[in-house]
């Protein structure tokens, strides 16, 4: 009944306006402009695509059940909630306080979840010095990404304590029930994760409710990691941030170092790359990530000075700009200021860089 | 060089962590390392794969392993990688173009490449293979070559051709279930001078029993009785997914202290992996499953294998009970039989082979995707292969149709007979051990413990003294995380 109630709640948003099936497509995250627009129109965006594996037969059963219990009335393609249906929704329910952000996260939540599971499994086995185990996630791309991630962690950390710290911190944001639930999905030394069916049995809840709760936990994690990346230097990298995704592989590595508070000298040193390469990375990041602050490299005063110079020469040619500025201002600093999205440089002018 | 006696064992220890070979392994390994084409049979669960994996790792070049089932090859790759042997790959039709290319481009860097028989015949695969030094060609589950085998795969008949085109590298044909008839058939098809290494298939540590029951509920009750007295790692095989789930739930309800779960091909892949590993790591006591479970399952301490339904062939029965007692200790195989149970496998073979009408219409259907939807995968594979073959031999479509019909009838007869053999085994009043293996060998080693319910065993009186119970999961999430990251 708990899952039925949730569906009833969603249905209440679209009664008289859409068919009962519209909610099914919305939950599955159907990529049609109708479904996407509806989600927005009826304030259902948080639920968009949060149950992609929902079966049609399951959904139809729920609808039939709601009809049988006289909670909704279906008339040709239109439907309405009955009085008792409406009253039922007035109470507080299991989902009332749960968080989802389907609109934002439905495309990345699955891969994030898989990466987190595999990262935890790998870190667990390595913590026990077991390098051979059967990965719980089979996807080749996920495995490769996690493998690289683990490599980076091992290169710069002594052990996996920082990972445990971050995981623990993430879990602390959850209710006890949620922390219990999600910790049981993890696999590593000493435990193999439970399937949703097994979780359902253990918590004596329907498998649908369990899946939605797990999804809610994943969305809470995503929100926390996206809002506070600095508190989670390692785990935040598991998020397929769209901005981040456009970055070149080597640039991502540099970004990780920056996030850990290293300056260019230190990165040059620990990566064994040329200074100009690392500078290129920083510029790439500044170009593609609007939220990236260049303040560590260019002070506000200097930025203004460079902007004035740009205006003066009415060009984005580096040489001309530099000639207007004190000797101490570097090409790198000028490029950084130019890289900011409001200072888009034309492709042609980039050739100047090699001068 | 790993030619002397000691060093082979040393290599075994280095790569696989075993200090000694099991029966037959060394003889087979030595045979192919000397360059003999070899046909070998070893009982299920006795480490067949070591026989080619070790030589492959020790020699130069690539070893190609032809394997009939994709799930089997994926598992093999996974298991090898988990043992730290990383230069292995699979090539099969489930991979996309990019993944195949990835493997093919780096072919020479691999030591072992698992390949489905249909992939082997693809021109671009074959060409790539020709450009490599092929160390060994291994035909796993070699009984698939024979029409008298229980799992005949027409694609296997083309292996001969592939072997020729690759310049006849040393070939190893392996099977756990090949009757002398099938063995002869394998040698005939491959048309090679083969060194035969045949080991008996009987497993001395398995005790056999059958219980005849009147109705479904009696079977369930028999299960409950047996499981309430015994606490050992248990597998229960079902032919139906639905019954498998039902009984699993029922048993879990009945035994809240035990951990019971189910596994079948209709589940999400991720859940299947979890359940399989839970069973491997003793987190489950009882697993209810269909024949989809078991590929590559190498759990050593399974003590009890129960069949709730009858398997379609003696061979699949031998294979499934062979999952028990891989550690060499005593174990029990019990089959629950209810009159009329054989009707289910009889129905199933009907679904596997094409009807007259399907054979007649097949050559005239233009749209192949339509056909694939209409026919089961096995039917489609059978018909595609047969029509290709007869057309190549210059037969007209009409002649091909009648040839295929008679071939179909032969296969049906083979399959019907094997169900009848299975039922006869269930109903026999002589020694079950002898009867189970007599089609494969003449002599038997004496059982380690009890033989069977016809000789000296009474399942109702039986009780395991030692218990092995599943480990529960830690109490609360904080404790769980600490254990997971080794921070207790």
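Among the residues of segment B:339-348, is there at least one that is crowded, with 22+ Cβ neighbours inside 10 Å and either modelled with pLDDT of 95 or more or not in a helix (DSSP H, G or I) (or both)?
No; the residues of segment B:339-348 include none that is crowded, with 22+ Cβ neighbours inside 10 Å and either modelled with pLDDT of 95 or more or not in a helix (DSSP H, G or I) (or both).
Within segment A:140-152, identify whether any single residue is surrounded by 15 or more Cβ atoms within 10 Å (Cβ to Cβ), in contact (Cβ under 8 Å) with a residue 40 or more places away in the chain and over 24 Å from residue A:227 (Cβ atoms), and answer yes or no.
No: segment A:140-152 contains no residue that is surrounded by 15 or more Cβ atoms within 10 Å (Cβ to Cβ), in contact (Cβ under 8 Å) with a residue 40 or more places away in the chain and over 24 Å from residue A:227 (Cβ atoms).
Which condition breaks for residue A:118 when tested against (1) over 16 Å from the mean Cα position of the chain (by Cα); (2) buried (at least 17 other Cβ atoms within 10 Å of the Cβ); (3) at the interface with chain B (Cβ under 8 Å from one of its Cβ atoms)?
Every condition holds for residue A:118 apart from (3).
When you look at residue A:288, is it modelled with pLDDT under 85, surrounded by fewer than 18 Cβ atoms within 10 Å (Cβ to Cβ) and farther than 19 Å from residue A:330 by Cα, yes or no?
No; evaluated as a whole, the condition is false for this residue.
Go through segment A:176-210 and give me each residue that's more than 11 Å from chain B (Cβ to nearest Cβ) and either under 23 Å from the mean Cα position of the chain (by Cα) or assigned to a helix (DSSP H, G or I) (or both).
Result: A:200, A:203, A:208, A:209, A:210.
Would it be correct to say that residue B:150 is surrounded by fewer than 23 Cβ atoms within 10 Å (Cβ to Cβ), touching a residue at least 24 places away in the same chain (Cβ under 8 Å) and within 25 Å of the chain's Cα centre (by Cα)?
Yes, satisfied.
Taking segment A:98-112 as the search range and keeping residues that are assigned to a helix (DSSP H, G or I) and surrounded by fewer than 22 Cβ atoms within 10 Å (Cβ to Cβ), which one is nearest to the other protein chains (Cβ to nearest Cβ)?
Within segment A:98-112, the match that is nearest to the other protein chains (Cβ to nearest Cβ) is A:110.
Of everything in segment B:89-115, what is modelled with pLDDT of 90 or more and within 13 Å of residue B:70 (Cβ to Cβ)? Give them in sequence order.
Those that are modelled with pLDDT of 90 or more and within 13 Å of residue B:70 (Cβ to Cβ): B:90, B:91, B:114, B:115.
Could you please find all residues in segment B:282-298 being within 13 Å of chain A (Cβ to nearest Cβ) and either at pLDDT 90 or above or in a helix (DSSP H, G or I) (or both)?
Matches in segment B:282-298: B:282, B:283, B:284, B:287, B:288.
Residue under question is residue A:124, and the condition is that it be facing chain B (nearest Cβ under 7 Å) and modelled with pLDDT of 95 or more; does it hold?
Yes.
Just to be sure before I move on: is residue A:55 under 30 Å from residue B:269 (Cα atoms), without any contact (Cβ under 8 Å) to a residue 12 or more places away in the chain and within 14 Å of chain B (Cβ to nearest Cβ) in the structure I sent?
Judged against the criteria, residue A:55 is a match.
Can you tell me how many residues in segment A:154-175 are under 30 Å from residue A:204 (Cβ atoms) and either loosely packed, with under 14 Cβ neighbours inside 10 Å or more than 10 Å from chain B (Cβ to nearest Cβ) (or both)?
Residues flagged as under 30 Å from residue A:204 (Cβ atoms) and either loosely packed, with under 14 Cβ neighbours inside 10 Å or more than 10 Å from chain B (Cβ to nearest Cβ) (or both) within segment A:154-175 amount to 5.
State whether the residues of segment B:42-49 include one that is within 14 Å of another protein chain (Cβ to nearest Cβ) and either under 17 Å from the mean Cα position of the chain (by Cα) or farther than 30 Å from residue B:377 by Cβ (or both).
no
I'm trying to understand the selection: among the residues of segment B:432-442, which are assigned to a loop (DSSP other than H, G, I, E, B) and either more than 24 Å from the chain's Cα centre (by Cα) or surrounded by 19 or more Cβ atoms within 10 Å (Cβ to Cβ) (or both)?
Hit for segment B:432-442 is B:440, nothing else.
Could you list, in sequence order, the residues of segment B:171-196 that are surrounded by fewer than 19 Cβ atoms within 10 Å (Cβ to Cβ) and under 18 Å from residue B:48 (Cα atoms)?
Answer for segment B:171-196, where residues must be surrounded by fewer than 19 Cβ atoms within 10 Å (Cβ to Cβ) and under 18 Å from residue B:48 (Cα atoms): B:195, B:196.
Condition check: within 11 Å of another protein chain (Cβ to nearest Cβ) and outside any loop (DSSP other than H, G, I, E, B). Does residue B:274 satisfy that?
Yes; evaluated as a whole, the condition is true for this residue.
Is it true that some residue in segment A:73-95 is more than 14 Å from every other protein chain (Cβ to nearest Cβ), over 30 Å from residue A:227 (Cα atoms), free of Cβ contacts under 8 Å to residues at least 40 places away in the same chain and touching a helix residue (DSSP H, G or I) at 6+ places or on another chain (Cβ under 8 Å)?
yes
The values are calculated or read from the model by the stated rules, or taken from the named source; none is laboratory data. It should be emphasised that the depicted structure is a prediction, and the values quoted were computed from it without experimental measurement. Neighbour counts run over all protein chains shown; Cβ positions are idealised from the backbone, glycine included.
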